[in-house]
Amino acid sequence: MESMMGHGTSAKPLSEQVYSYLWTRIQRGEWREHQKLPSVRTLAAELDVHRLTVFKAYQRLKDEKKVYVKDKSGYYVHPGGRLPFDDLEYPIVSSYVQNSHLSEIHRVPAAYQFSYALLDPNLLPNRYFSAYVKDIFDRYPKVLGTYSTVQGDEELREALAGFFARHHRLHLPADSILITTGSQQAIDLIARVLVQPMDAVLIERPTYSAAIDIFRQQGAQLLPVEIHPFGYDLEQIESYMKRYKPRLFYLNPTFHNPTGYTVPAIQRKQLVELAERYRCFLIEDDPFHDIYFAQQPPAPLYSYSTEGYAAYIRSFSKYVAPGLRIAAVCMQPALMKHLLAVKSLADNGSPLLNQKIFLHYFTSDRLVQHMEKLRIALNVRKSIMEEEMSTTTWKWKSPEGGFNLWVKLPDTVPMDVLLAESIEQSISFVPGAICDPLKESRSWMRLSYSYINEKQLRDGMRLLIQLAGQLEGRNS
């Protein structure tokens, strides 16, 4: 049974695992409406569980009107059990209703791509890169025949240590930095080291959807913490820390994904004090730090930490050179050795060529020029999106940086229908439920303004607004 259901669900009762197995197959259409399901005896033998376990799962499905019973005949699929919009070819619709994985959204081909919190490739210095990569091979002729160390290229880690000291008041040795293949890998490695099944984990609501999936896969109990334009309710956080003894708090306090909010400096210091008092690790994910439109954001939480209860994930994949997938984890040595052990099993070290290319671009004058132009271009695109939405009753708070707008639509616009009809019109966006640990936020969506050009932004937004208005008219 455990091998069939997967290690990530082993903390669930067996009857719940059997229930999920049955309901998933019904939703996928593997059993059709009014089709007879396997008998209790047959399914118990197939899954190697007690018949009572299967019976409990069937009874729950029956109570929820997902199956029905015929006397002396067995269980049958109730009409309407399949996923809505099954006739569409796109995987995102079934994902949104069933699993809500962001990766499924990114597989949808769309002319108006508002779901990618990525940089428009046309905003990168691509011609410069072409000549620059050749220079890297001249400097390091054996780079393709050499592995990186597990912790990452020492030259790159030394450069990052100097950068963090100059710009963020983070004074740490290169040995306290680990290079990972993007921030998602960093979150996954930390979760494997720190989180055991049934551990409590504080997580923002809403938040980066991949982090939700990672911590759930580890069997964590997620405790949502609301994030607001002013930051967090620190009394709520302290109450959770007292009551649940959470293992860690995963947070994205700078140009937050998806809301764009930034937590003020005073709260950052107070959060570190709470974390040290209640022995709760703060895992700060910071992928947008340099994408500010006016003032630079506050220093990372790690800069306030004195007892080692903070880790800092700094990703450069979003805007420096997305294809290189470079991120850095800053962590105290006591935990770093455990992280290295897990990293060695994951990939034995991120690609050395990527690290060398990133190193010399990151320390170049060209990057400074690139960042100045990039901030201007992204601010213009954000303004275009906001200008188009200004004719609607939609609500949002304009962020001071980052790639995203977190937008609330009227309750009369059903998000699942809007998503399906948008896909048919080659528009993609992220429904808010995907970013919500509670799978609610049904009136919200994340719109990214970073990936498509200015004309596409205007055209796509006008079409999206038109579709939403038509749905609102039908339901009002």
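Per-structure values
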read-out: In the stretch 189-204, the residues that are in contact (Cβ under 8 Å) with a residue 60 or more places away in the chain and assigned to a helix (DSSP H, G or I); value: LEU189, ILE190, ARG192, VAL193, LEU194
read-out: Within the stretch 2-37, considering residues that are surrounded by 17 or more Cβ atoms within 10 Å (Cβ to Cβ) and in a loop (DSSP other than H, G, I, E, B), the one modelled with the lowest pLDDT; value: TRP31
read-out: Among residues of the stretch 154-169, those that are in contact with a Phe, Trp or Tyr (Cβ under 9 Å, 6 or more places away or on another chain) and surrounded by 21 or more Cβ atoms within 10 Å (Cβ to Cβ), counted; value: 3
read-out: Those residues of the stretch 304-357 which are under 23 Å from the mean Cα position of the chain (by Cα), within 21 Å of ARG169 (Cα to Cα) and either hydroxyl-bearing (Ser, Thr, Tyr) or part of a loop (DSSP other than H, G, I, E, B) (or both), in sequence order; value: TYR309, TYR312, SER315, PHE316, MET331
read-out: Qualifying residue in the stretch 257-269 (condition: among the small types (Gly, Ala, Ser) and closer than 23 Å to LYS395 by Cβ); value: yes
read-out: Output for the stretch 100-149, where each listed residue is part of a loop (DSSP other than H, G, I, E, B), over 30 Å from the mean Cα position of the chain (by Cα) and touching a residue at least 40 places away in the same chain (Cβ under 8 Å); value: TYR140, THR146
read-out: LYS337 vs. criteria at pLDDT 95 or above and over 23 Å from ASP135 (Cβ atoms); value: no
read-out: Failed condition for ARG446, given (1) surrounded by 21 or more Cβ atoms within 10 Å (Cβ to Cβ); (2) in a helix (DSSP H, G or I); value: (2)
read-out: Some residue of the stretch 423-430 being farther than 24 Å from VAL380 by Cα, surrounded by 21 or more Cβ atoms within 10 Å (Cβ to Cβ) and touching a helix residue (DSSP H, G or I) at 6+ places or on another chain (Cβ under 9 Å); value: yes
read-out: Residue list for the stretch 358-408, filter: among the polar types (S, T, N, Q) and either in contact with a Phe, Trp or Tyr (Cβ under 7 Å, 6 or more places away or on another chain) or in contact (Cβ under 8 Å) with a residue 40 or more places away in the chain (or both); value: THR363, ASN379, THR391, THR392, SER398, ASN404
read-out: Residue satisfying condition, being among the aliphatic types (A, V, I, L, M), over 18 Å from ARG192 (Cβ atoms) and either at pLDDT below 90 or in a strand (DSSP E or B) (or both), within set LEU282, LEU367, LEU378; value: LEU367
read-out: Condition check for ILE237: crowded, with 17+ Cβ neighbours inside 10 Å and in a helix (DSSP H, G or I); value: yes
read-out: Filter result for the condition that a residue is out of contact with any Pro (no Cβ under 9 Å at 6 or more places or on another chain), at negative phi and assigned to a strand (DSSP E or B), over VAL413, VAL407; value: VAL407
read-out: Positions within the stretch 32-82 being among the hydroxyl-bearing types (Ser, Thr, Tyr), free of Cβ contacts under 8 Å to residues at least 24 places away in the same chain and over 14 Å from VAL18 (Cα atoms), in sequence order; value: TYR68
read-out: Matching entry among GLY162, GLY152 (being within 30 Å of GLU307 (Cβ to Cβ) and not in a loop (DSSP other than H, G, I, E, B)); value: GLY162
read-out: Enumeration of residues in the stretch 416-443 that are of a type in the set (Gly, Ala, Ser) and either under 14 Å from the mean Cα position of the chain (by Cα) or assigned to a loop (DSSP other than H, G, I, E, B) (or both); value: SER426, GLY432, ALA433, SER441, SER443
read-out: Search result, residues across the stretch 41-55 that are part of a helix (DSSP H, G or I) and surrounded by fewer than 18 Cβ atoms within 10 Å (Cβ to Cβ); value: ARG41, THR42, ALA45, GLU46, ARG51, LEU52, PHE55
read-out: Filter pass, ASP213 being in the same structural domain as MET331 (by TED's automatic domain parsing), part of a helix (DSSP H, G or I), of a type in the set (Asp, Glu) and at pLDDT 95 or above; value: no
read-out: Residues that are free of Cβ contacts under 8 Å to residues at least 40 places away in the same chain and over 27 Å from TYR116 (Cβ atoms), drawn from the stretch 205-228; value: ALA220, GLN221, LEU223
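The values are calculated or read from the model by the stated rules, or taken from the named source; none is laboratory data. Keep in mind the model is a prediction, meaning the values are calculated, not measured. Neighbour counts are summed over all protein chains in view; Cβ atoms, including those assigned to glycine, are modelled from backbone coordinates with ideal geometry.
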